[in-house]
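The values are calculated or read from the model by the stated rules, or taken from the named source; none is laboratory data. Just so it is clear, the structure is predicted and the values come from calculations on it, not from any experiment. FYI the Cβ positions are ideal-geometry reconstructions off the backbone, even for glycines, and counts take in every protein chain you see. These area figures cover heavy atoms from the full protein model, side chains too; ligands, DNA and RNA do not enter into them. Shrake-Rupley method; radii C 1.70, N 1.55, O 1.52, S 1.80 Å.
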Amino acid sequence: MKVCILGTGYVGLTTGVCLAYMGHDVTCLDTDEAKVATMRGGKAPIYEPHLEDLMADSSANLRFTTSYAEAVPGAEVIFIAVGTPPGANGSPDLKYLASAANGIGEYLDGPFCVVVNKSTVPIGSGNWVGSLIRDSIEKARGPQSDRKFAVASNPEFLREGSALNDSLYPDRVVIGGDDSRTLEVLYRLYRPILDQTFSPPTYLPRPDGTGAVPLISADLASAELIKYAANAFLSTKISYINEIGQLAEKVGADITKVARGIGLDARIGTRFLQAGIGWGGSCFGKDTAALVATASEYGLDMPIVRAAREVNYKQRDRVVDKLLGELKILKGRTIGLLGLAFKPNTDDLREAPALDIAKKLIERGCKVKGHDPVAMERFRKEYPDLAINLVDRPVDVAAGADAVVLVTEWQEYRELDWEAMMKTMTCPIVLDGRNILDRERLVRYGYRYLPIV
Ligand SMILES: NC(=O)c1ccc[n+]([C@@H]2O[C@H](COP(=O)([O-])OP(=O)(O)OC[C@H]3O[C@@H](n4cnc5c(N)ncnc54)[C@H](O)[C@@H]3O)[C@@H](O)[C@H]2O)c1
């Protein structure tokens, strides 16, 4: 099928590359010329494991452009995958969505096209996008235009760091639309993934036990709400274990044991139950805020979701409080941060806890050193005013530091030579913000080991 993807960020590029791999004819459009030039050169503008390999393997079916006139005409399916960053009062800023919808209307031709909201958009956005497209068709061609299109919702559940796996082998595909023709087009598009009939790339093997992928087809509003409800639930699960963790610390319980003890109950599940610094990233904060904002438009409060947010952001303060408790004076101290990205295997820094923690420490007069295996280049570009002294090797964050904080649980940080690192520190304090380091070993070396809970 002829597919157009608008926006080539973490979601759009992953979607485009996976659909091209399935044999669809895909044109990816982004307004950022530098990104498009990078992708034309076979490179990914973001870090995502195996993305460049899959781009290469799908290159016969994949084009990149900045031109709506080139990308839109003839497309049977157009995905909108532009950013929906947080706006004022918690609602997402929809300016990129509006501009994509206008661009579609201007160039839409062909007998029938399904426009798919893949961006996470507030409930009701399907209708709104439809009206924007109609307005811009009318502006371009007049009211008698017979261009036919329908709007669908197809929320994305990929996780950065495992985006390709999540797209090729999803837990489920959700499609929202108000007529059977729309749902049928999207069913055809996703069929190789739903039925798992494609040959997997060698570097992204099909996980054992993967069967047919469940398809949830729903009306537009339900599909839109599924995405927000999923993210709010996952955020709440993390905040829940962090709240229990605070009590565990007071009563002398081990939160990792508590989490395992409750998580093995099949009704609860072990995932998203790791106590630590809490969530960051471009989705959970923005989407929980948007859910609360949408509810308030209907006169509804969402106390559980609000509490999950509050607990999450307090975890960052707890890092500073713990350092203060140990060091007594923070002014003039040097603190090393291991990890800047909001989670491992991505270079995404949006709402990364490391940035917030660094700001709080700097405000209190600390010097902050930092390291990340892949996000330092992006940090230099995006946060030139945040005074984190970046070092090339993770061990160097320890040199002369009064404490090291493990912020992002990159695998390589578990495997550092912690014994040698300790000898270079001013005070041997390690704050394990993800509760993943080998506490007994670190204590044996002579560290003062602080878990986050
Ligand atoms: N990142 C995730 O893990 C994730 C997961 C699920 C859903 N989502 C949702 O998907 C959407 C996209 O997220 P992302 O992380 O990929 O964003 P992103 O910021 O990485 O990418 C968005 C891209 O859209 C481009 N763009 C902006 N306006 C445009 C326009 N008018 N036409 C074409 N391109 C345009 C930008 O240049 C950018 O490259 C958001 O709504 C987000 O909430 C993200």
For LEU390, residues with placed amide H under 5 Å, excluding near neighbours: GLY370
Rough spin-label spacing in nm, given labels placed 7 Å along Cα→Cβ, for GLU382 and ARG271: 2.4
Please compute the length gained on full extension between THR66 and SER222, using 0.36 nm multiplied by the number of residues separating them and subtracting their Cα-Cα distance. 52.9 nm
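Percent relative contact order of region 140-235, based on C-alpha pairs within less than 8 angstrom and at least six residues apart? Before the final figure, lay out each step's value.
Details: 97 pairs, mean separation 34.3, N = 96.
Answer for region 140-235 is 36 percent.
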Rounded to the nearest 10 degrees, what's the angle between the helix 353-363 long axis and the longest principal axis of the chain, both from Cα atoms, 0 to 90? 50
What's the angle, to the nearest 10 degrees (0 to 90), between helix 284-297's Cα axis and the longest principal axis of the chain? 60
For LEU264, what is the net charge nearby, where nearby means another residue's Cβ is under 12 Å from its Cβ and Lys, Arg count +1, Asp, Glu -1? +3
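Using R₀ = 30 Å, calculate the FRET efficiency as 1/(1 + (r/R₀)^6) where r is the Cβ-Cβ separation of GLU326 and ASP417; round to 0.05.
Values: r = 23 Å, r/R0 = 0.77.
E between GLU326 and ASP417, to the nearest 0.05, is 0.85.
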So how do 244-254, 202-212 stack up, highest first, on mean other-Cβ count within 10 Å? 244-254, 202-212
Using a 1.4 Å probe on the protein heavy atoms only, what accessible surface does GLU377 show? Give it in Å² to the nearest 10. 130
Distance from a point 7 Å along Cα→Cβ of ALA295 to each backbone N in region 63-94: keep the residues under 17 Å and list them by number. 89-92
Considering only protein heavy atoms, what is the solvent-accessible area of LEU361 at a probe of 1.4 Å, reported in Å² to the nearest 10? 0
With a 1.4 Å probe and all protein chains left in place, how much accessible area per residue does region 259-351 have, in Å²? 46
Over what distance in Å are the Cα centres of region 398-413 and region 311-374 separated? 10
Reported to the nearest 10 Å², TRP128 has, with a 1.4 Å probe, an accessible area equal to 90
On full extension of the chain, what length is gained from ARG159 through ALA212, given 0.36 nm per residue of separation minus the C-alpha to C-alpha distance? 17.1 nm
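Taking the DSSP beta bridges in the chain as the whole, what percent of them are antiparallel, to the nearest 5?
Values: 2 of 47 bridges.
The antiparallel fraction comes to roughly 5 percent.
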Radius ratio Rg over Rh of the chain, counting only Cα atoms, Kirkwood formula for Rh: 1.00
Applying the gyration tensor rule to the Cα atoms of region 77-198 (axes a ≥ b ≥ c; rounded if a/c under 1.5, else prolate if a/b exceeds b/c, else oblate), the class is oblate
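Roughly to the nearest percent, how much of the accessible area of region 1-72 is carbon and sulfur, given a 1.4 Å probe?
Working: 1230 of 2620 Å².
C and S fraction of accessible area: 47 percent.
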Under a point spin-label approximation (7 Å from Cα along Cα-to-Cβ), what is the ASP135-GLU52 distance to one decimal in nm? 4.2
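What ranking do 132-138, 351-357 get when scored by the average of other Cβ atoms within 10 Å per residue, highest first?
Top to bottom by mean Cβ count within 10 Å: 351-357, 132-138.
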Here FRET efficiency (C-beta to C-beta, GLN246 to GLU363, R₀ 22 Å, nearest 0.05) is 0.40
With Cα coordinates, the longest principal axis of the chain makes an angle with the long axis of helix 95-107, in degrees rounded to 10, of 20
